[in-house]
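Student: Structure provided below as structure tokens; questions to follow.
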Amino acid sequence: MYLLTLGLSHKTAPVALREKTAFSADTLPDALRSLRESCGVEEAAILSTCNRTEIYCRGQEGYSEAVIDWVGHYHKLSTSDLHQCLYQHPDRAAVQHAFRVACGLDSMVLGEPQILGQMKRAFSCANQAGATGKILNRLFQHTFSVAKQIRTDTAIGASAVSVAYAAVNLSRRIFAHLSNQTVLLIGAGETIELVARHLLEQGVHHMIVSNRTVERAQRLAECINGEAISLQELPQRLHEADIIISSTAAPLPILGKGMIESALKVRKHRPVFMVDLAVPRDIEEQVRELDNIYLYTIDDLQDVIETGIQSRQQAAVEAEKIIDLQVVQFMRWMHSLDAVPTIRQLRQQLEMTSQTELNKALKKLAQGADPVQVVNHLSHSLTNKFAHQPSNALRRADLEGDPTLLKATHKLFDLGDLPGDTE
């Protein structure tokens, strides 16, 4: 087995398990090193997002269980729990899955573009860590090429549908006019940037951006005419927010039940709409128990993703056809690698024969033999040596009435059609 994709996603695992199997960017290099050392995996890359954790790897037959055991050990999880949610795609299916993921065909929001950037970062991290090689390098480069082709040739990304858009769309169901609401955005990554853009389109005038790095929050705030604050300022500013949307890479919740209760008291219990787009979650689950709090996690957004779905589904059919063709091309390249050892062995044998005959010729020249005769003899000798074994094999095949080798020889050496061959 060359390739294996092993993972879980929003389709197979709840957010509670996905957040336990997530890898932060800081831990990826060490995780990749541990994976390769523990499982005998020759190449590996880890894709970890809010909606999925996937391991793309290459190794010998039968290493999948070792990878599953490693995931369980690394995250301190029961392998029996993992088995219920994990999927495995070997070889051709692994290639097809990579293409589909990169194009957004396996995303919660069909055709969403963020996953491609996330895959590029996952590959870049693995490549810089020295965890990828010839096979995965080629797979990911081909994957990015397929994704670009599908974005260009189909309408898969034409509609403004994304997890960020779904969050904003849901807030419109809670508040009739978003322009009158104060929005607090926690985080300053790509997801929050998309949320901010959609909010601007909906006429939101007042947005506060809070981030661990205040400078990054400031850059985003300047783009949306908003205000930037640090995470440390959140307890003093929470009460201002009618809408809170959070998406950070923090390993632990940023907003706890006590902090929200305090903010509600200052607000005199005016309702707050909250969306937690992070995995692991940024907002404690217990916050949902509070009155006047409407908390939604990334899993809840599935019910509000609707704009553009029909057009994207039609585009997805076209995308699947492109993927099928590209999978065939990649697998042809994979199968061509099987011939490499044979080609190498053939070249070594020919070079050994050539060197032996050349040494004989040089010895004759050193003894004063006629150079013309030596070169002619060398040419004749090499021809006989190279043709001897193939000629014997062809004669045996002819005596046995097997035309397969004869046809292969004509094709291999471009000898034209066999005499009497009407095909």
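Student: With N set to the number of residues, divide the alpha-carbon radius of gyration of segment 262-316 by 2.2 N^0.38 Å and report two decimals.
Tutor: With N residues counted in segment 262-316, Rg over 2.2 N^0.38 Å equals 1.55.
Student: Let a ≥ b ≥ c be the square roots of the eigenvalues of the Cα gyration tensor of segment 121-215; is it rounded (a/c under 1.5), or, if not, prolate (a/b larger than b/c) or oblate?
Tutor: oblate
Student: Can you pick out the pairs among K76/K265; K364/K407; K76/K257 whose Cα atoms lie more than 28 Å from each other?
Tutor: Result: K76/K265; K364/K407 exceed 28 Å.
Student: Quick one: dipole size for segment 1-83, taken about the Cα centre, charges +1 on Lys/Arg Cβ and -1 on Asp/Glu Cβ, in debye to the nearest 20.
Tutor: Its charge dipole is roughly 280 debye.
Student: Go ahead and estimate [θ] at 222 nm for the chain from helices alone: -39,500 (n - 2.57) per DSSP H run with n ≥ 4, summed, over the residue count, rounded to 500.
Tutor: -17000 deg cm²/dmol
Student: Using the scaling law 2.2 N^0.38 Å as the reference, what is the normalised Cα Rg of segment 61-198?
Tutor: For segment 61-198, the normalised Cα radius of gyration is 1.31.
Student: Same structure again: With a Cα-only, solvent-free Debye model of segment 347-409, what are the log10 I(q)/I(0) values at q = 0.25 Å⁻¹?
Tutor: Each listed q corresponds, in turn, to -0.98.
Student: Sticking with this structure for a sec: For segment 396-403, in order, what is each residue's ³J(HN,Hα) by Karplus, 6.51 cos²θ - 1.76 cosθ + 1.60 with θ = phi - 60°, in whole Hz (x at glycine and Pro)?
Tutor: My calculation for segment 396-403 gives 5, 5, 5, 5, 7, x, 9, x Hz in order.
Student: Would you mind checking K363/K385; K134/K321; K360/K385; K148/K321; K20/K148 for any pair whose Cα atoms are more than 22 angstrom apart?
Tutor: In this structure, K134/K321; K20/K148 exceed 22 Å between Cα atoms.
Student: Now, a different point. Considering just Cα atoms, how many Å³ per residue does the convex hull of segment 183-312 enclose?
Tutor: 114 Å³
Student: Could you size up the charge dipole of the chain around its Cα centre, putting +1 on the beta carbon of Lys and Arg and -1 on that of Asp and Glu, and report it in debye to the nearest 20?
Tutor: About 760 debye.
Student: Oh, and also: Return the Rg/Rh value of segment 39-141, two decimal places, where both radii are evaluated on C-alpha atoms and Rh is the Kirkwood radius.
Tutor: Rg/Rh: 0.95.
Student: With no solvent and one point per C-alpha, what does the Debye sum give as log10 I(q)/I(0) for the chain at q = 0.12 Å⁻¹?
Tutor: Normalising to I(0) and taking log10 leaves -1.03.
Each reported figure results from applying straightforward, stated rules to the coordinates on display, with no laboratory input. Just so it is clear, the model here is predicted, and its values are computed rather than measured. Quick reminder, even Gly has a Cβ in these numbers, built from the backbone with ideal geometry, and neighbours come from all protein chains shown.
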